[in-house]
Amino acid sequence: MKEKIKAIRENAIKQIEELKDLTKLNEMRIKYLGKKGELTALLRGMGGLTKEERPIIGSLVNELRDKLEEKIKEKEEELKNKELMAKLEKENIDITMPSKKIEIGSAHPITQIINEVEEIFLGMGYEIADGPEIEKTFYNFDQLNAPADHPSRDLQDTFYITDDIILRTQTSPVQARVMEKQKPPIKIICPGTVYRSDTVDATHSPVFHQIEGLVVDKNISMSDLKGTLEIFAKKCLGENTKIRFRPHHFPFTEPSAEADVSCFVCGGKGCRVCKNEGWIELLGCGMVHPNVLRNCNIDPKEYSGFAFGFGVERIAMAKFGIDDLRLLYENDVRFLKQF
Ligand code: DAH
């Protein structure tokens, strides 16, 4: 029996010392100290011993148990420590490594122009209004004094969803929507996407952007319109910009005009950007037609107003010197990076 205990002792200590991982250590604990382990088997085998032998062997087994428990504990601590060191080593951060470059994007040129125009008009006390892109013909045309037989309502010009729902062809319907809800004084601009059934080329796109403006109050006159647009042109295109008005026709304004600005590249002498004209067509505008006011329950005898609308792409192209509209929609980062 003593021999057996000695053999188990030597064997177990050797095995424990050679261990390299914690799961194996647990297996070892069960093998020697568990209920069905080797030491329990030794104690069970004591039945065959003499009275004198029993306490001696008993204390030897107990001593072995204490020894093995101690060894296992030591080993456990050693292995846990090793594991921790390995983990720390692996997660070591080298703070001298060069960092990954963070690419910061920028606003699209169209968004840049919209933001800039918003800033200018907010500074003049305007509010920003919004309206649906899928619009009723009623707001896009009827309320704006363009009756059912108006040529702008042609199937070839406009995307119809049903007979009375279209993709809006202009931001002007927002004028009617605002006037229906809000009584004067009204001072809004409305940037947004508009749609026309045009074929794509260097200056046309079936989807583009406009900014609409509307002011309605008592005693609003054409000179308010001219003054406002002059301030806008100077702020947006440069202090030396001049503005001129040409008579035009829009169903929702009377009188109507188109406004041109002196070319901000050549100052009016003539160049590639203004196609040698010295002037660049900027926008449509006019005094709100009394019928439009009346349609929206505003009394034209008491109130008057002006309105204007322009294409954002046109301004972006002129301002950034872009000669093909399509570039704005291709989303080629090499192009967009320049602005
Ligand atoms: N909606 C017009 C267009 O798309 C532009 C326009 C002209 C808007 C005159 C206006 C305006 O508000 O008064 O061509």
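The values are calculated or read from the model by the stated rules, or taken from the named source; none is laboratory data. The model shown is predicted, which means the values in this text are computed figures rather than measured ones. Please note: Cβ atoms are built from the backbone with ideal geometry, for glycine as well, and neighbour counts cover all protein chains shown. Side chains included, ligands, DNA and RNA excluded: accessible areas come from the protein's heavy atoms. Shrake-Rupley method; radii C 1.70, N 1.55, O 1.52, S 1.80 Å.
What the table below lists for this structure:
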| item | result |
| --- | --- |
| Environment charge at N291 (Cβ cut-off 13 Å; Lys +1, Arg +1, Asp -1, Glu -1) | -2 |
| Debye, to nearest 20: dipole size of the chain, +1 on Lys, Arg Cβ, -1 on Asp, Glu Cβ | 1920 |
| Cα→Cβ-extended label distance, 7 Å offset, between D224 and E18, nm | 10.0 |
| Surrounding net charge for V194, when Lys and Arg each add one and Asp and Glu each subtract one, Cβ distance under 10 Å | -1 |
| Ranked by how many other beta carbons lie within 10 Å on average, peptides 295-303, 16-24 from highest | 295-303, 16-24 |
| Helix runs (DSSP H) in the chain reaching 20 Å along axis by Cα, Kyte-Doolittle at least -1.0 | 109-123, 222-237 |
| Top positive-direction residue, dipole computed over the range 76-223 with Cβ charges, set Q156, T111, A129 | A129 |
| Rg and Dmax [Cα atoms of the range 2-90; Å; Rg one decimal, Dmax integer] | 15.8, 59 |
| Fluctuation leader among T96, T199, T111 - the chain, Gaussian network, Cα springs under 10 angstrom | T96 |
| Among L327, A202, A257 - extreme Cα towards positive end, dipole of the range 109-336, charges at beta-carbon | A257 |
| Where labels lie 7 Å past Cα in the beta-carbon direction, separation of K51 and D163 in nm | 12.1 |
| Percent carbon-and-sulfur accessible area, the range 139-247, ignoring ligands, DNA and RNA, probe 1.4 Å | 52 |
| Label-to-label distance, nm, for residues given as K2 and D198 (7 Å Cα→Cβ offset) | 11.1 |
| Calculated [θ] (222 nm, deg cm²/dmol) that DSSP helices of n ≥ 4 give over the chain, each run adding -39,500 (n - 2.57) | -13000 deg cm²/dmol |
| Cysteines in the chain that, by Cβ-Cβ distance, have no pairing candidate under 4.7 Å | C190, C236, C285, C296 |
| Of M179, M46, M317, the one that fluctuates the most in a GNM where the chain has Cα springs shorter than 10 Å | M46 |
| Probe 1.4 Å, accessible area per residue of the range 2-90, Å² | 74 |
| Packing-based order for 324-334, 164-174, using average beta carbon neighbours within 10 Å, highest first | 164-174, 324-334 |
| The range 2-90, accessible surface, carbon-and-sulfur percent (1.4 angstrom probe) | 53 |
| Gaussian network model of the chain, springs between alpha carbon atoms under 10 Å - residue of E277, E103, E116 with greatest fluctuation | E103 |
